[in-house]
Every structure is written in structure tokens, then in C-alpha cells.
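We did not get these values from a lab; they are worked out from the coordinates using the rules stated. Quick caveat: nothing in here was measured; it's all calculated off a predicted structure. As a convention, Cβ positions derive from the backbone with ideal geometry for all residues, glycine included, and neighbour counts pool all protein chains shown.
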Ligand SMILES: [Cu+2]
């Protein structure tokens, strides 16, 4: 991404005209906004979007984030990304001692409330990954809300270790690598 910023700026300078410089500044602004990890539209804000790294052979992945709603009640009704064939809204239910994923058609975001998508609970399922989810990488995700419309989010690929988020979900799995 750094390289592409340089390319954009370089082109603007080479053109020498104000127009080119303006175009470069707009591009830098857009990229900076996407990298800030907070995206918003109307009253809806999406924060701390992240995915766990997956082995290259993995067909699917998951995305987690927090949605804060400073306006009236809204609904997450869909999502998509160039990184996957399809993105679905899932939750995890416990049936007879087994965890199972369940497809949701929408998720309500209460007025002046917030909801968390996190491991062991609601998540966005990335089905048919076109690129591997590599630690340190990132990708764009477009969430669609009933009222707020489309919100683009930059998702960071990383282990779940910061922001005081619980990593207890990991302890459910066998860490045979230790
Ligand atoms: Cu799922």
C-alpha cells in the first residue's frame, strides 16, 4: 500500500499541475481514512475489525469487530469482500454440548447501543477465500446497514492478543505446537 501511495503522489508531482497534486491529496486522504480502523456512516461506527490468520489451505475465515450506533436503531443486513466468494453473518449456538454455526439474515444494532462480533459469538464468515489470511495483512470489507447504507472497513489480520479482548476462546483449542 505504501508503494501505491508513492505512485499516486509521484504521478501528481510529475504532472506539475495543481490538478495532479489535488488528486494525490485526495487519494492520500482516502487511504488514511481506511487505515484508521474506524469507519462510520450515519450513526453507525465500526471499530477494531480483525481476522485471525489462517493456514494457506483454509477455504474459509472469519471477521470480528465492534459496531457502535450513535443514532436510531439500525440493522446489519449483509457484507461482502473481494477476498471471499461470499460473506455471511453467523452466530454460534450451543446445541447438546456442541458449538454450531448458524446463519443470520440480519443483526439489529440498538439505538445508542453497541454489539460485538467476536470469537465464540457472532462473526462474519468469509466463504471461499481467494487470498490467504496472513498475519500482518489486511483487506477491505463492505458492511451494508439498513439505514446507514454501506460502510467500508479495513480488517487487520492478527492474533487476538490486544485491546484487552479475551483470548480464552483460544484455550478451547489444543495448542499442540507448544
Ligand atoms: Cu461461521
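General remarks:
- The shape of the range 38-159 comes out oblate: with a ≥ b ≥ c from the C-alpha gyration tensor, a/c is at least 1.5 while a/b does not beat b/c.
- Global geometry of the range 38-104, whether rounded, prolate or oblate, following the gyration tensor of its Cα atoms and the 1.5 cut on a/c: oblate
- Ordering 51, 106, 39 by the number of other Cβ atoms within 10 Å of each residue's own Cβ, fewest first, gives 106, 39, 51.
- Fewest-first sequence of 107, 57 by Cβ atoms within 10 Å of each Cβ: 57, 107
- Looking at the range 38-159 alone, DSSP beta bridges between its own residues are antiparallel in about 95 percent of cases.
- Relative contact order of the range 38-159, pairs being alpha-carbon contacts under 8 Å that are 6 or more residues apart, as %: 36 percent
- Chain lengthening between residue 116 and residue 93 when straightened (0.36 nm per residue, less Cα-Cα): 6.7 nm
- Efficiency of FRET between residue 150 and residue 70 - r from beta-carbon atoms, R0 22 angstrom, step 0.05: 0.80
- Spacing of the modelled spin labels on residue 106 and residue 127, each 7 Å from Cα toward Cβ, amounts to 2.0 nm.
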